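Visitor: Supplied in structure tokens, the structure appears directly below.
What follows draws every value from the coordinates through simple rules; no lab data is involved. Just so it is clear, the structure is predicted and the values come from calculations on it, not from any experiment. A quick note on method: Cβ atoms are made from the backbone with ideal geometry, for glycine too, and the neighbour counts reach across all protein chains shown.
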Amino acid sequence: MLKSLSVIFLFLVVGEFVTYVFKIPIAGNIIGMVLIFLALKFKVIPLDMVKPASDKLLKYLVLFFVPYGVGLMVHFETIKEHWLSIGLAVLGSTILTLYLTAFLQEKLEKK
Amino acid sequence: MKAFIALPVVWVFLTLAVFFMAQRLHKRLGWAVTTPILVTILVLILFLSLFDIDFETYDNGGKFLSFFLGPSVVALGVLFYEKLDEIKSNLMPFCISVFVGGVSSILSLIFILLAFKAPEILIRSLAPKSVTTPIAIEVAKSVGGVPSITAGVVIAVGIFGNAFGIHILKLLGITSKTAIGTALGTASHGIGTARALEESKLAGVYSGLALCVNGLVTAITTPFIIEWWMG
């Protein structure tokens, strides 16, 4: 557990470092996520080296973004002022995404 | 009392306790709107407003929980690897569908918000609305959005996909279970995937995979799309 947690934090730190050095507009932990994915894919590290800690973190993942959700209370005014455009944009875009993805998948998988 | 409620442990405890009870409630009822994350957030906001406590005070404790979002996003990379390993053959058409769906989600959202002349901060906050909340939060932060607005809308999108996604797709003439799963995972992340799993095991697997692939696609493309479009 301690070893796998260290490896996860290592990828996190490397990700932050890459973002910092190359000034990429992508968050450090996203870079860390892509790097750990690639490291597993190309067998640089074995799965059991990271699995214990990653399973634990993912089990409680939802809990970790509760504070961001609660932070919504600070933005009530913004939401209230723009609720119609937010609602329509989110609705329209979600339905389009659903349909386009399903349509393509249905067409392509038949071939 | 002021010194007491400034203690981080008070808010860590309250968040854990409310989340635990929300999970209990969801197990009993199982409705899309009783998703534990939604109930937990609503109860906490209600509590804070009722006792006139500001968000900064809550976040004294909250930030200890949200800190773990960093390593958890890295852990998602491990999950993606495991999921992608499940399907070995014919991944290409699937990846194309998810890629096109994911990118059109970002583009169509920006387009509609611009048409409504919505403020730029909203566009930056909502562009990653289709992907799993932790990734959406990180993307919003890196493109100058407000992560809290992102979190709220992403959860709402998930609940919408969970409750209506399948009906909408069937109404539009989609019959393939794998196509339904792929669409739910791409458009409405983990909360939509929960519904795909109820539809069929196969739909659930495709939905889980689509969530992963779109997570990667959105994380990588959003900053560049925003930079290209908004400057």
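Visitor: For segment B:75-230, what size does the Cα cloud have along each of its three principal axes, sorted from largest down, in whole Å?
Guide: The Cα atoms of segment B:75-230 stretch 41, 34, 25 Å along their principal axes.
Visitor: Compute the separation of the alpha-carbon centres of segment B:3-55 and segment B:107-151 and state it in Å as a whole number.
Guide: 25 Å
Visitor: Let me ask something additional. Kyte-Doolittle cut-off -1.0, length cut-off 24 Å along the helix's own axis using Cα: show which whole DSSP H helices in chain A pass. Please list the in-between numbers first.
Guide: Details: long enough: A:2-22 (30 Å, 1.93); A:76-109 (46 Å, 0.63).
Span-like helices in chain A: A:2-22, A:76-109.
Visitor: Now for a different question. If you place +1 on the Cβ of every Lys and Arg, -1 on the Cβ of every Asp and Glu, and leave all else neutral, what size is the dipole of segment B:60-146 about its Cα centre, to the nearest 20 Debye? Walk me through the intermediate numbers first.
Guide: Working: 7 positive and 5 negative charges, 56 e Å.
Once rounded to the nearest 20, the dipole reads 260 debye.
Visitor: Expressed as an acute angle from 0 to 90° and rounded to the nearest 10, what is the orientation of the C-alpha long axis of helix B:36-50 relative to the principal long axis of chain B?
Guide: For B:36-50 against chain B, the angle is about 30 degrees.
Visitor: With Kirkwood's inverse mean 1/r over C-alpha pairs for Rh, give me the Rg to Rh ratio of the protein assembly as shown, two decimals please. Provide the component values of the computation, followed by the final result.
Guide: On the way: Rg = 19.3 Å, Rh = 20.2 Å.
Expressed as Rg/Rh, it is 0.96.
Visitor: Just the ratio, please: alpha-carbon radius of gyration of segment B:148-231 over 2.2 N^0.38 Å, N its number of residues.
Guide: Details: Rg = 13.7 Å, N = 84, 2.2 N^0.38 = 11.8 Å.
With N residues counted in segment B:148-231, Rg over 2.2 N^0.38 Å equals 1.15.
Visitor: Give the lysines reachable from A:K107 as a straight Cα distance under 28 Å; neighbours fewer than 8 places away on the same chain don't count.
Guide: B:K83, B:K88, B:K129, B:K170, B:K177, B:K201
Visitor: Quick one: pull the percentage of alpha-carbon pairs in segment A:1-92 with a separation above 17 Å. If you can, show how the numbers build up before the last one.
Guide: On the way: 2745 of 4186 pairs.
For segment A:1-92, the share of Cα pairs beyond 17 Å comes to 66 percent.
Visitor: May I ask for the angle, rounded to the nearest 10°, between helix B:201-230 and the longest principal axis of chain B, with both axes built from Cα atoms and the value confined to 0 to 90°?
Guide: Tilt relative to chain B: about 80 degrees.
Visitor: Tell me which aspartates and glutamates have Cα within less than 15 Å of B:K2's Cα, excluding those fewer than 8 residues away on the same chain?
Guide: B:D52, B:D54, B:E56, B:D59
Visitor: Calculate how steeply helix B:177-199 sits against the longest principal axis of the alpha-carbon atoms of chain B, using the helix alpha-carbon long axis, and give the answer as 0 to 90 degrees to the nearest 10.
Guide: That works out to roughly 20 degrees.
Visitor: What residue among B:S200, B:S49, B:S130 has the largest mean-square fluctuation in a Gaussian network model of chain B, using Cα springs under 10 Å?
Guide: Result: B:S49 has the largest fluctuation of those listed.
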